[in-house]
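Working notes for the structure below.
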Amino acid sequence: MSELVISKVDKRFGKTVALDDVSLRIKSGEFICLLGSSGCGKTTLLRIIAGLEQSDSGELQLDGESLTRLASHKRNIGMVFQSLALFPHLNVSRNIAYGLKMRGVDAETTKTRVEELLKLTGLTGFGARAVTSLSGGQKQRVAIARALALEPRLFLMDEPFSALDAGLRDHLQQEVKKLQKQLGVTTIFVTHDQSEAMALADRIVILNNGKIEQAGSPKEVYQQPSSRFVAEFIGANNLFDVTIESGAVRFKEYNLGSSIVIGTDLRGTQTLTVRPETITLLPPGNSSGNSRGNSSGNSGAFLQGAVVMQRTIGALIEHDIDIDGHLIKQTMLQNNDYEVSVGDTVGLSWDWSQAWFLPGESG
Ligand SMILES: Nc1ncnc2c1ncn2[C@@H]1O[C@H](COP(=O)(O)OP(=O)(O)OP(=O)(O)O)[C@@H](O)[C@H]1O
Ligand SMILES: [Mg+2]
């Protein structure tokens, strides 16, 4: 169990800023997912933690001990790379035992430890197999077992499942999550796949252009994004420019007759974010004010538009609703009472307690 503190880490490659003032405290036993699009600095941060790359400034501390001058091989960090980097000329057991051998662990202890790891990763009986004869998922398991062999203080994984098909990826995600909880090893898992991060993380750290945008539980980053970037990056979202005065919301882009009283303490220019699944579609005209809006609060539709796209994905139906040339995304369950078709005019309503405001305009 180990706590990692990252303080003010910067890293440039020539003119490219790979990491910009990154600070993060990772609790002992925590499962962190570093999430961000290609080139945002995920691998660079992982490599700096592992000691494979030097930061330009800033500090790392593992359990209060500075890592800055500690060589990579002395940090006792287990790492699984996207490319796995298994040794093709060694069988499964020897791959797993590699680190133990380098450290001079005796043959008997190594044998016992390798058996344990094979069992832990669901590879019992595979020890003598050539790694080249294994499936993609089995190779991943060998890489994980090898990284865990020395009971690392930190377990780092860089997009380990990105090359696997969806079914196998789901399966291995569940296995890794279980294994991590069982071992209690502090873990940083890099991914650009938000559903993978949602499924695995205790806390998701969203990186954008080398900066941390937000660090929070999957629920927090989804329901309470701290920036417009996060609001749009995690899941689908609808952003509206609004102004709030005396607890009433006025949409800037839509010709609503009046503002909508929601009783908030917020004021001024705000970006309203509304998740597609929190929007309810209603028959047109089902509003308590005029057909384009009402001033009475939460009942009835406050916007009206035309359904321009409908798509069924499993149990969900997705809609695009055109309102004055703006497309609003809406999702609902298939067994919804109110069925709509492309071309229909519909009213839109949502539960204001699930809406989220960010200061300033959506830009
Ligand atoms: N050795 C290097 N030399 C020059 N530039 C580099 C080097 N390593 C990384 N970079 C640059 O630093 C930035 C961050 O790279 P990094 O590999 O950390 O991104 P990433 O988030 O892991 O992306 P991906 O999802 O594509 O793996 C990128 O602009 C990249 O081109
Ligand atoms: Mg990378």
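Derivation of every value follows stated rules applied to the coordinates shown; laboratory data play no part. Since the structure is predicted, the reported quantities are computational estimates derived from the model, not experimental observations. Please note: Cβ atoms are built from the backbone with ideal geometry, for glycine as well, and neighbour counts cover all protein chains shown.
For the stretch 236-359, the calculated P(r), taken from all Cα-Cα distances in 5 Å bins from zero up to the bin holding the longest distance, is 2, 12, 21, 26, 20, 11, 5, 2, 0 percent. Projecting the Cα atoms of Gly39, Val205, Thr132 onto the charge dipole of the stretch 4-232, computed from C-beta unit charges around the Cα centre, puts Thr132 farthest toward the positive end.
Full extension of the chain between Gln61 and Leu282 yields a length gain of 74.1 nm, computed as 0.36 nm times the residue separation minus the alpha carbon distance. Computed over the stretch 236-359, relative contact order equals 27 percent, with contacts defined as Cα pairs under 8 Å that lie 6+ residues apart.
The calculated FRET efficiency for the pair His89 and Ala128, based on their C-beta separation and a Förster distance of 25 Å, comes to about 0.95.
By definition, a body whose alpha carbon gyration tensor gives a ≥ b ≥ c is oblate when a/c is 1.5 or more and a/b is not larger than b/c, and the stretch 47-176 fits this oblate description. Of all DSSP beta bridges confined to the chain, the antiparallel ones make up roughly 75%. Each label was represented as a point 7 Å from its Cα along the Cα-to-Cβ direction; for Thr16 and Ser226 these points are 2.6 nm apart. Size estimate for the stretch 10-90 follows the Kirkwood approach: the inverse of mean 1/r over distinct Cα pairs works out to 14.3 Å.
Summing Lys and Arg as +1 and Asp and Glu as -1 over all other residues whose Cβ lies under 11 Å from the Cβ of Gln354 gives a net charge of -1.
Determine the relative contact order of the chain: mean sequence separation of Cα pairs under 8 Å and six or more apart, normalised by residue count, in whole percent. The value is 15 percent. Think of the stretch 4-232 as having a plus end and a minus end, set by charges on the Cβ of Lys, Arg, Asp and Glu; of Gln182, Ala231, Gly58, Gln182 sits farthest toward the positive end of this dipole. Measuring between their Cα centroids, the stretch 1-79 and the stretch 308-363 lie 40 Å from each other.
Each 10 Å bin from 0 upward holds the following percent of the Cα-Cα pairs of the chain: 5, 20, 24, 19, 15, 10, 5, 1, 0. Summary value for the stretch 11-162: 27 percent relative contact order, contacts being C-alpha pairs under 8 angstrom separated by 6+ residues.
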